[in-house]
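Notes follow once the structure below has been shown.
The values are calculated or read from the model by the stated rules, or taken from the named source; none is laboratory data. From a predicted model like this one, the values you see are computed outputs, not experimental measurements. Note: ideal-geometry Cβ built from the backbone for every residue, glycine included; neighbour counts use all protein chains shown. Just the protein is used for accessible areas: all its heavy atoms, side chains included, with ligands, DNA and RNA removed. Shrake-Rupley method; radii C 1.70, N 1.55, O 1.52, S 1.80 Å.
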Amino acid sequence: MSNLQGPILVFDSGVGGLSVVAHLRAVMPGRSLTFLCDNAALPYGTKEDTWLIERIVSVCCAGARASGAGVLVVACNTASTLALDALRAALPIPVVGTVPAIKPAAAMSRNGVIGLLATSGTVRRRYTDRLIARFAAEQRVVRVAADALVRQAEQWLAGSPTDPYVIERSLEPLFADAELDTVVLGCTHFPLLRPFFETLAPRPMQWIDSGAAIARRTVTVAPQGRMITEGSDASFATAPAEPGMIHALKRYEFSAPQGIEPLRSEELQSELLNSEQPQ
Ligand code: DGL
């Protein structure tokens with residue numbers, strides 16, 4: 001399974017990971033990607049941690065096996081802030097995570113007041129506490145859980161109308177703080193809605209996400225690899241028949257997804273044992 005020439009597997013609970021795909025395609029044109037979407041379990045942000053770790057590992061192991069991936073990019077803050085260690089222990093390939101861009105935001109905020117817009121899972125994680133303590137100890141960080149925006153981004157990418165009222169309500173705590181000038185988009189779904197955020201903002205604000213940094217990191221981990229020779233990139237989904245997701249994947253040059261089942265725990269155990277054997 002450890003084959004750096006294989007495709008880069010980009011994983012998210014939904015179509016938010018496509019915001020990272022756009023950056024990967026910009027820095028590695030023609031590089032073969034495979035998208036893996038656990039849309040049967042969307043949203044991750046409101047789910048319980050222990051269940052989520054097992055789910056994420058079993059879906060990613062199934063995806064890595066089915067795609068022959070050389071690298072896994074976890075294009076999901078909710079998954080990365082919880083399950084990166086478990087994924088690295090389970091998979092014999094490099095794993096690149098996506099975590100909130102607190103460090104650049106702290107450097108960019110003029111007033112020293114930053115908003116963290118993320119899922120409720122990401123907002124309350126210890127990983128997030130540590131990021132803030134390490135990189136924004138001198139700043140004030142306003143944490144805003146905005147799970148409702150995940151569905152709005154899914155709808156937007158599916159070509160369906162969004163609800164301006166839901167978007168505006170979600171952003172209100174950020175706009176209400178007069179000193180806040182920089183917002184970390186700590187969920188990969190949110191950069192997809194950035195044009196709406198900019199339009200609704202009562203004053204100019206800086207909106208920062210991790211997509212470009214993740215793409216640069218992925219290049220260093222997988223400097224070369226398989227290129228797309230013809231057609232579209234492949235994709236896998238746990239609920240493959242969902243029309244909105246098929247539409248969104250097509251917009252990012254992926255073919256319609258093949259169905260994938262999370263590995264059962266017995267299969268996962270034997271996968272883990274095999275990955276520990278010398279290659
Ligand atoms: N896209 C995911 C993230 O970056 C979250 C979406 C969800 O709640 O499933 O956090």
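General observations
- Within the accessible area of the stretch 33-81 (1.4 Å probe), percent carbon and sulfur: 53 percent
- Qualifying GluC sites (Glu not before Pro) for the stretch 170-259 [loop in DSSP, other Cβ within 10 Å: at most 10]: Glu230
- Inter-label distance, Thr46 to Glu172: 1.8 nm, where each label sits 7 Å from its Cα along the C-beta direction.
- Relative to the current alpha-carbon distance between Arg151 and Ala213, full extension at 0.36 nm per residue lengthens the span by 19.8 nm.
- Short-range pairs are left out: with C-alpha atoms under 8 Å and at least six residues apart, the relative contact order of the stretch 10-89 is 44 percent.
- Near Tyr252: Cβ cut-off under 15 Å, other residues only, Lys/Arg at +1 and Asp/Glu at -1. The net charge is 0.
- Using only side-chain charges placed at the Cβ, +1 for Lys and Arg and -1 for Asp and Glu, the dipole size of the stretch 130-279 relative to its Cα centre rounds to 380 debye.
- The long axis of helix 265-276 is offset from the longest Cα principal axis of the chain by roughly 80 degrees.
- For the chain, built as a Gaussian network whose Cα springs stay under 10 Å, the top-fluctuating residue of Asp85, Asp49, Asp181: Asp85
- For Asp163 and Gln269, the difference between the fully extended length at 0.36 nm per residue and the C-alpha to C-alpha distance is 33.8 nm.
- Where the chain is the region considered: accessible area per residue in Å², 1.4 Å probe: 44 Å²
- Projecting the Cα atoms of Leu174, Ala212, Leu193 onto the charge dipole of the chain, computed from C-beta unit charges around the Cα centre, puts Ala212 farthest toward the positive end.
- Three-way shape call for the stretch 57-164 based on the alpha-carbon gyration tensor, with the a/c threshold at 1.5: oblate
- Gyration tensor (alpha-carbon) shape descriptor, the chain, a/c threshold 1.5: prolate
- Full extension of the chain between Arg110 and Glu253 gives 47.6 nm of extra length, using 0.36 nm per residue less the Cα-Cα distance.
- Here the accessible area of the stretch 135-222 is 54 percent carbon and sulfur, with a 1.4 angstrom probe and all protein chains present.
- Neighbourhood charge, 14 Å Cβ-Cβ cut-off, centred on Gln152 and excluding it, Lys, Arg +1 and Asp, Glu -1: -1
- Summing Cβ point charges (Lys, Arg +1; Asp, Glu -1) relative to the Cα centre of the stretch 190-261 gives a dipole of roughly 320 debye.
- Spin-label model, Arg134/Arg25: points 7 Å from Cα along the beta carbon direction are separated by 3.2 nm.
- Choice from Leu200, Leu36, Leu91 showing the highest fluctuation, given a GNM over the chain with Cα pairs closer than 10 Å: Leu200
- Mean residue ellipticity at 222 nm, helices only, the chain: -13500 deg cm²/dmol; runs of at least 4 DSSP H residues each add -39,500 (n - 2.57), and the sum is divided by the number of residues.
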